[in-house]
Amino acid sequence: MNAHGAGEGYWYPPSREHRATAVSVLNALREYRASESAMRRRTRSSMEMGESDLLALRLLLEAERSGAAVQPKELAARLGMTSASMTALVDRLVSSGHITREPHPTDRRAVILKPTTGADAEVRHTLGNMHARMIEVAESLTPEQAQAVTEFLQSMRDAVDQIDMPQELVGAGHFHKAR
């Protein structure tokens with residue numbers, strides 16, 4: 001196990017079939033993901049929020065910046081949650097002072113969710129330095145390097161998105177196949 005919480009070559013051991021450089025790239029990507037996961041856990045812990053809570057707050061902050069109004073059912077759809085789970089999440093975020101429920105501007109039966117000013121400030125304080133460091137690293141790339149990294153990550157995303165769960169596991173009720 002290295003300092004990033006990843007075993008050296010554990011998932012991608014060098015072999016005759018794989019070039020050492022490809023294995024090094026995949027190991028570096030795995031180490032980044034382990035570091036990012038640890039950072040997200042620290043962030044959630046410092047803000048005393050669960051992963052869904054923090055993601056919901058981020059989506060509401062983005063919507064507010066773009067001038068969009070978000071109803072609970074829209075947020076539930078974005079997060080892939082049931083209405084009961086969304087109600088519990090909204091109740092937690094309202095109770096913690098991170099969001100408010102406000103009347104919908106045109107539908108008096110509906111509500112919209114809005115992040116509080118304090119929530120925006122807390123997120124900026126908690127994530128600001130980390131985002132600044134990440135931007136600094138990304139800005140240090142040449143345009144050619146940035147294009148290569150972007151294309152690589154998009155190709156990796158596409159490769160992972162194309163992987164289907166084995167049918168025997170899906171059929172046995174262990175996993176729900178992604179749509």
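The values are calculated or read from the model by the stated rules, or taken from the named source; none is laboratory data. Keep in mind that this is a model prediction, so the values were computed, not measured. As a convention, Cβ positions derive from the backbone with ideal geometry for all residues, glycine included, and neighbour counts pool all protein chains shown.
Yes/no per residue for (1) free of Cβ contacts under 8 Å to residues at least 40 places away in the same chain; (2) surrounded by 11 or more Cβ atoms within 10 Å (Cβ to Cβ); (3) within 25 Å of Glu36 (Cα to Cα):
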position	(1), (2), (3)
Met49	no, yes, yes
Arg78	yes, yes, yes
Met81	yes, yes, yes
Ser85	yes, yes, no
Asp91	yes, yes, no
Pro115	no, yes, yes
Met130	no, yes, yes
Ala138	yes, yes, yes
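Determine, yes or no, whether Ala119 is under 19 Å from the mean Cα position of the chain (by Cα), at pLDDT below 90 and surrounded by 11 or more Cβ atoms within 10 Å (Cβ to Cβ).
Details: under 19 Å from the mean Cα position of the chain (by Cα): yes; at pLDDT below 90: yes; surrounded by 11 or more Cβ atoms within 10 Å (Cβ to Cβ): yes.
In short, yes.
Residue pairs, Cβ under 7 Å, 6 or more apart or interchain, first in segment 33-44 and polar (S, T, N, Q), second not in a helix (DSSP H, G or I). List them.
Ser35/His4
Could you check Leu60 against (1) modelled with pLDDT under 85; (2) in contact with a Lys or Arg (Cβ under 8 Å, 6 or more places away or on another chain) and say which number it fails?
Status for Leu60: all satisfied but (1).
Those residues that are at pLDDT below 75 and aliphatic (A, V, I, L, M), I need them from segment 1-55; list them, please.
Met1, Ala3, Ala6, Ala20, Met47 - these are the residues of segment 1-55 that are at pLDDT below 75 and aliphatic (A, V, I, L, M).
For the list (1) among the polar types (S, T, N, Q); (2) touching a helix residue (DSSP H, G or I) at 6+ places or on another chain (Cβ under 8 Å); (3) loosely packed, with under 12 Cβ neighbours inside 10 Å, I need the number of the one condition that Thr126 fails.
The one condition Thr126 does not meet is (3).
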